[in-house]
Amino acid sequence: MRRLKRDQKVRVALTLNGRKLSAEAEPRMLLTDFIRHALGLTGTHVGCEHGVCGSCTVMIDGVAQRACLTLAVQAEGRDVRTVESLAAADGTLNALQAAFRNNHALQCGFCTPGILMSFTDFLARNPHPSEAEIRDVLSGHLCRCTGYANIVKAIKDVADAGA
C-alpha cells in the first residue's frame, strides 16, 4: 500500500449520476465535500457531519449511504447517485419528488435531498411499506421545519400508487 503525505492529492474516478468523472482529492476529503466542491453538484447537503441528520445521503452502488461518513477515495470506481439524478433530463420530477411537492412535504428543503435518496433506495427494496416502516427509515433524518406527517403522506402516496 502506498503511503501518502498529508497534503498529497489523489485522483478519484467514479460514475456520478451516470457520468464518468474524476477530480483530485486529499486522502481525508469527505465524499460530501468532493461532490460539492470538486465535482460542483450542490444538491447533497452538509448538515451535522456525523451521520446523524441524513441530509448528505447519496446512493453508492445502489445503496443509500451517508456521504459525510465516506471518504472521497472510498468512492473510487463506484457508482454514486445524488438527488440531481432523480428528475428527468427535461426537469420532470420523478414520482417521489412529485409526491413531496403535491403533499407539501418540504419547507426549507435542506433535509429533503437526503430523505429522497433514502426513500429511493428503501422503496426499491420495499415497494409497499407500512407507515411504521416509513417512520423507521425517516427516523434517520432530522427535519427542523415539518412535523414529518406530510413526508410520511408523500411516501405513502408513492407506495400506494406502486410507482
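Read-outs throughout are calculated quantities, based only on the coordinates presented, and are distinct from any laboratory measurement. On a predicted model such as this, the values are computed, not experimentally measured, just so you know. Glycine also receives a Cβ, built like all others from the backbone with ideal geometry; neighbour counts cover every protein chain displayed.
Would you mind getting me the FRET efficiency between residue 125 and residue 20? Use the beta-carbon distance for r and R0 = 41 Å, nearest 0.05. Walk me through the numbers before you get to the answer.
Numbers: r = 26 Å, r/R0 = 0.65.
Step by step, r from the Cβ atoms, then E = 0.95.
Report the percentage of all Cα-Cα pairs in the chain whose separation exceeds 21 Å, rounded to a whole percent.
Working: 6054 of 13203 pairs.
Every Cα pair in the chain considered, those over 21 Å come to 46 percent.
Would you calculate, for the chain, the mean residue ellipticity at 222 nm contributed by helices, counting each DSSP H stretch of 4 or more residues as -39,500 (n - 2.57) and dividing by all residues, to the nearest 500?
Taking each H run of at least 4 residues, the total per residue is -8000 deg cm²/dmol.
Convert 37 °C to kelvin, take the viscosity as 0.692 mPa s, use the Kirkwood radius over C-alpha pairs of the stretch 10-82 as Rh, and evaluate the Stokes-Einstein diffusion coefficient in µm²/s, rounded to a whole number.
Values: Rh = 11.7 Å.
Using the Kirkwood radius from Cα pairs, D works out to 280 µm²/s.
Given springs between every Cα pair under 10 Å in a Gaussian network model of the chain, which of 93, 142, 71 has the largest fluctuation?
Evaluated over the chain, the most mobile residue of the options is 93.
Can you sort 81, 66 by how many other beta carbons sit within 10 Å, fewest first? Intermediate results must be reported in sequence, preceding the final value.
On the way: 81 20, 66 25.
The fewest-first ordering by Cβ neighbours comes to 81, 66.
Considering all projection directions equally, how large on average is the shadow of the alpha-carbon convex hull of the stretch 95-161, in square nanometres?
Values: hull surface 15.1 nm².
Hull-based average projected area comes out at 3.8 nm².
Counting only C-alpha contacts under 8 Å and six or more residues apart, can you give the relative contact order of the stretch 1-154 as a whole percent? Walk me through the numbers on the way to the answer.
Numbers: 273 pairs, mean separation 36.1, N = 154.
About 23 percent, as a whole number.
How would 70, 15, 57 line up from fewest to most surrounding beta-carbon atoms within 10 angstrom?
Going from least to most buried by this count: 15, 70, 57.
When the chain is fully extended, how far beyond the present Cα-Cα distance does residue 10 get from residue 37, taking 0.36 nm per residue of separation? Intermediate results must be reported in sequence, preceding the final value.
Working: separation 27, 0.36 × 27 = 9.72 nm, distance 1.51 nm.
Value of the extension gain: 8.2 nm.
How large is the dipole of the stretch 7-65 about the Cα centre if only Lys and Arg carry +1 and Asp and Glu carry -1, each at its Cβ, rounded to the nearest 20 debye?
Details: 6 positive and 6 negative charges, 45 e Å.
Here the size comes out at about 220 debye.
For the pair residue 49 and residue 78, what calculated FRET efficiency results from E = 1/(1 + (r/R0)^6), where r is the Cβ-Cβ distance and R0 = 25 Å, to the nearest 0.05? Before the final figure, lay out each step's value.
Numbers: r = 21 Å, r/R0 = 0.83.
Plugging the Cβ-Cβ distance into 1/(1 + (r/R0)^6) gives 0.75.
Of all DSSP beta bridges located in the stretch 4-163, what percent are antiparallel, nearest 5?
Antiparallel bridges make up about 90 percent of those DSSP assigns within the stretch 4-163.
For helix 149-161, what angle does its Cα long axis make with the longest principal axis of the chain, in degrees from 0 to 90 and rounded to 10?
80 degrees
Neighbouring Cβ atoms within 10 Å as the yardstick, rank 48, 111 fewest first. Could you put the intermediate results ahead of the total?
Working: 48 13, 111 23.
Sorted ascending by nearby Cβ count, the order is 48, 111.
Among the lysines, which have Cα under 27 Å from the Cα of residue 9 when same-chain residues fewer than 8 positions away are ignored?
Filter leaves 20.
What is the Cα centroid distance between the stretch 48-100 and the stretch 106-142, reported in whole angstrom?
Comparing the Cα centres of the stretch 48-100 and the stretch 106-142, I get a distance of 12 Å.
Can you pull the one-decimal nm distance between simple spin-label points at residue 92 and residue 146, each 7 Å off the Cα toward Cβ?
Once both label points are built, they end up 2.4 nm from each other.
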